[in-house]
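Asker: Quick one: this structure, given as C-alpha cells, is what I'll be asking you about.
The values are calculated or read from the model by the stated rules, or taken from the named source; none is laboratory data. Here the structure is a predicted model, which means the values were calculated and not measured. Heads up, the Cβs are rebuilt from the backbone with ideal geometry, glycines too, and the neighbour counts pull from every protein chain shown. Just so you know, the surface numbers come from the protein's heavy atoms only, side chains and all, with ligands and any DNA or RNA stripped out. Shrake-Rupley method; radii C 1.70, N 1.55, O 1.52, S 1.80 Å.
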Amino acid sequence: MFLKTVCTVACMAASTGICQAEGTARGAPDILILGDSQLTFGAGEAFLDVLASVAGICGLDADATTGVIGVRSSAITSWTGTSKSAKGAICDVDPKWKVNAGAYGTLGQGENPYIQIGKGAQFQFCRAGMSPLQAVFADGYYAPDLVIFFMMGNATERWASDPGAALQDVRALMADLPPNQPCIFMTSAPPFKEKAVKERLQAQDNIEAAFALAGRQCTFVPGFTTETIAENRGNAANFRRNASGKVKDPYHPTEAGARRFLKLQRGALCAAIGKELGGS
C-alpha cells in the first residue's frame, strides 16, 4: 500500500520507530473485517479465502493481509455506543461460553479462534469514554487500508421498523471512523426461513437508504440479492442440522454455506474494494 510504504520509510528515520499507519496491535491487518456472529460461525474463514482470491486485482495489493473479528450479538449500536450497557455485546463476557468473539487471519489464535474482546493485547476495544469502534482506531492501534463491516441480524427489527433509526446508526458509524477511512458495509447472509428473509429485506432497504442519505459514507453492498436469497432460503444444506436433518440454527450459515454466499458476492465485493481503494 502506497501510504504504508511512505510511512514505513518515515518511521525508519524516527526516533520511536513506531509507525501509526502500520497499526500498533500485533497482527494489525491491511484489511480489517468487523461483524457479528455470522463471522464467528462460518463466514470468518470464508472471507479470508475470497479476499485471497481477489488479491492483486480489484485495487487490492497482492500481499495485503486480512484480519477478521466477529462478535456474537453485535450491531452498529454495539460498536458505536459509549455506555456500559450499549457496549455490552462487545465487552461483556458471555455467561454460557465465557468468550464472545471469533478472530481469524492475522488476528487468529491458532486452532481455537474464540476470544473475549477486552482480553489480550490485540483486542483492547473496551476503553472508558470511547466506543469500541473508536478504540479500534485510537492512537493507531489498528490502521487498516480498508475496513469491511459485515452485519445485520441483531439490528433487523430496529432497521425494518424505523428508517430514522437506520440513519442514526449510519451517522454514528461514520462519526466513529477516522477521517477518509475507506470502508465497505455489507449486510450479512440471508437466513433459512421465509419470514425472517422478508423482515431482513425490509431492514436492508432501510439501511441502504440510510447510507445513501448520509454524507461521508461506506460503499454499500447488499447481502440479500435474488441469487443469495435463492441459495439460502429453504436450503437446509447451508445450515446446521440435528441428527434427523432438521435445521437447528436458521440464522448462521455453515462455513460451506458462507463460502457459497461469498462466491455469489465476489463480483460485488471486488467492485466495492476497487471503488474504495481506487482500483479498477
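Asker: Against the definition (modelled with pLDDT of 95 or more and on the phi > 0 side of the Ramachandran plot), how does GLY81 come out, yes or no?
Answerer: no
Asker: Could you list, in sequence order, the residues of segment 126-136 that are open to solvent by less than 10 Å² (accessible area, probe 1.4 Å) and either in contact with a strand residue (DSSP E or B) (Cβ under 9 Å, 6 or more places away or on another chain) or without any contact (Cβ under 8 Å) to a residue 12 or more places away in the chain (or both)?
Answerer: Selection gives PRO132, LEU133, ALA135, VAL136.
Asker: Just to be sure, is ALA28 part of a loop (DSSP other than H, G, I, E, B), small (Gly, Ala, Ser), more than 16 Å from SER188 (Cβ to Cβ) and modelled with pLDDT of 95 or more?
Answerer: Considered against the rule, which asks whether it is part of a loop (DSSP other than H, G, I, E, B), small (Gly, Ala, Ser), more than 16 Å from SER188 (Cβ to Cβ) and modelled with pLDDT of 95 or more, ALA28 comes out as yes.
Table: residues versus (1) free of Cβ contacts under 8 Å to residues at least 24 places away in the same chain; (2) open to solvent by 50 Å² or more (accessible area, probe 1.4 Å).
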{"position": "GLY215", "(1), (2)": "no, yes"}
{"position": "CYS218", "(1), (2)": "no, no"}
{"position": "VAL221", "(1), (2)": "no, no"}
{"position": "PHE224", "(1), (2)": "no, no"}
{"position": "ALA236", "(1), (2)": "no, no"}
{"position": "PHE239", "(1), (2)": "no, no"}
{"position": "ASN242", "(1), (2)": "yes, yes"}
{"position": "GLY245", "(1), (2)": "yes, no"}
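Asker: With LYS119, LYS198 as the choices, which residue is part of a helix (DSSP H, G or I), open to solvent by 20 Å² or more (accessible area, probe 1.4 Å) and more than 20 Å from ILE273 (Cβ to Cβ)?
Answerer: Every option except LYS198 fails the conditions.
Asker: Restricting the search to segment 120-142, which residues are farther than 20 Å from LEU177 by Cα and either aliphatic (A, V, I, L, M) or modelled with pLDDT of 95 or more (or both)?
Answerer: ALA121
Asker: Which residues, taken from segment 127-152, are part of a helix (DSSP H, G or I) and within 14 Å of ILE76 (Cβ to Cβ)?
Answerer: Matches in segment 127-152: PRO132, LEU133, GLN134, VAL136.
Conditions (1) in a helix (DSSP H, G or I); (2) out of contact with any Cys (no Cβ under 7 Å at 6 or more places or on another chain); (3) under 15 Å from SER78 (Cβ atoms), marked per residue:
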{"residue": "ASN154", "(1), (2), (3)": "yes, yes, yes"}
{"residue": "GLU157", "(1), (2), (3)": "yes, yes, yes"}
{"residue": "ALA165", "(1), (2), (3)": "yes, yes, yes"}
{"residue": "ASP169", "(1), (2), (3)": "yes, yes, yes"}
{"residue": "ALA172", "(1), (2), (3)": "yes, yes, yes"}
{"residue": "GLN181", "(1), (2), (3)": "no, yes, no"}
{"residue": "SER188", "(1), (2), (3)": "no, yes, yes"}
{"residue": "PRO191", "(1), (2), (3)": "no, yes, no"}
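Asker: Among the residues that make up segment 221-228, is at least one of them in a helix (DSSP H, G or I), modelled with pLDDT of 95 or more and touching a helix residue (DSSP H, G or I) at 6+ places or on another chain (Cβ under 8 Å)?
Answerer: Yes, segment 221-228 contains at least one residue that is in a helix (DSSP H, G or I), modelled with pLDDT of 95 or more and touching a helix residue (DSSP H, G or I) at 6+ places or on another chain (Cβ under 8 Å).
Asker: Only residues that are closer than 16 Å to PHE261 by Cα and open to solvent by 10 Å² or more (accessible area, probe 1.4 Å): list them for segment 53-89, please.
Answerer: Residue satisfying the conditions is SER53 alone.
Asker: Select, from LEU173, LEU107, the only residue that is open to solvent by less than 10 Å² (accessible area, probe 1.4 Å), in contact with a Ser or Thr (Cβ under 7 Å, 6 or more places away or on another chain) and aliphatic (A, V, I, L, M).
Answerer: Result: LEU173 is the single residue among LEU173, LEU107 that is open to solvent by less than 10 Å² (accessible area, probe 1.4 Å), in contact with a Ser or Thr (Cβ under 7 Å, 6 or more places away or on another chain) and aliphatic (A, V, I, L, M).
Asker: Looking at segment 157-174, I want the residues that are under 14 Å from THR187 (Cα atoms) and have a partner that is open to solvent by 40 Å² or more (accessible area, probe 1.4 Å) and among the charged types (D, E, K, R) with Cβ atoms under 6 Å, at least 6 apart or on another chain. Which pairs are those?
Answerer: ALA160/GLU199
Asker: Is it the case that some residue within segment 137-154 is over 30 Å from ARG26 (Cβ atoms) and open to solvent by 30 Å² or more (accessible area, probe 1.4 Å)?
Answerer: No.
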